[in-house]
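Contents: one structure, followed by commentary.
The values are calculated or read from the model by the stated rules, or taken from the named source; none is laboratory data. A quick note: this is a predicted structure, and the numbers were derived from the prediction, not measured. Reconstructed Cβ throughout: ideal geometry from the backbone, glycine too, with neighbour counts over all protein chains shown. The protein model used for the area step is the full one, side chains on, heavy atoms only, and it has no ligands, DNA or RNA in it. Shrake-Rupley method; radii C 1.70, N 1.55, O 1.52, S 1.80 Å.
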Amino acid sequence: MKPNFKYAVIHRHRECYPLKQMCQFFEVSRSGYYKYVKQLVHPQKDFELAEKIRAKQEVCQKTYGYRRMKLWLDSEGIVKNPKTILRIVHKYDLLSEIRRRKKWRRMGEDKGSGHTGRCGT
């Protein structure tokens, strides 16, 4: 079970049970819990950039990866490290969709017969 989920359960039941006992039960530190609570109070620092990336992903139908997204952000005047963009894309699940190549075949060929078209073979 992820620690953030444990911290959320502790936070939900903080008035019913002692914090120290819940942290011992879930095997997490109290300092980690307080860090989680502090994070709840303050908004995410990357949220605005994630919203811009999300809007661009909708426009381009999720074809922009983090490298192309960095080029687009640079053209918009927002200079960020590519690793920062990659982290944000992973964190908010804004990954691009992988496009598969189409398999081409010549017209008139039967894909199941295995015949090469040569006589006498």
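Worth a mention:
- Checked against (1) open to solvent by less than 100 Å² (accessible area, probe 1.4 Å); (2) out of contact with any Asp or Glu (no Cβ under 8 Å at 6 or more places or on another chain); (3) closer than 29 Å to HIS11 by Cα, ILE88 passes all but condition (2).
- Only residues that are outside any helix (DSSP H, G or I) and either polar (S, T, N, Q) or in contact with a helix residue (DSSP H, G or I) (Cβ under 9 Å, 6 or more places away or on another chain) (or both) were counted in the stretch 41-74, giving 7.
- Residue list for the stretch 92-120, filter: among the hydrophobic types (A, V, I, L, M, F, W, C) and at pLDDT below 60: CYS119
- When residues of the stretch 62-75 are limited to those that are loosely packed, with under 13 Cβ neighbours inside 10 Å and free of Cβ contacts under 8 Å to residues at least 24 places away in the same chain, the one nearest to LEU95 (Cα to Cα): ARG67
- Filtered residues of the stretch 75-106 (kept if in contact with a helix residue (DSSP H, G or I) (Cβ under 6 Å, 6 or more places away or on another chain) and assigned to a helix (DSSP H, G or I)): PRO82, ILE85, LEU86, ILE88, VAL89
- Residues in the stretch 4-26 that are within 28 Å of the chain's Cα centre (by Cα) and of a type outside the set (A, V, I, L, M, F, W, C) were compared, and the one that is surrounded by the most Cβ atoms within 10 Å (Cβ to Cβ) is TYR7.
- Failed condition for ASP46, given (1) surrounded by 15 or more Cβ atoms within 10 Å (Cβ to Cβ); (2) at pLDDT 90 or above; (3) closer than 16 Å to LEU94 by Cβ: (2)
- Residue in the stretch 15-31 that is in contact with a Ser or Thr (Cβ under 9 Å, 6 or more places away or on another chain) and under 16 Å from LYS2 (Cα atoms) present: yes
- The lone criterion from (1) surrounded by 12 or more Cβ atoms within 10 Å (Cβ to Cβ); (2) free of Cβ contacts under 8 Å to residues at least 24 places away in the same chain; (3) among the hydroxyl-bearing types (Ser, Thr, Tyr) left unmet by TYR36 is number (2).
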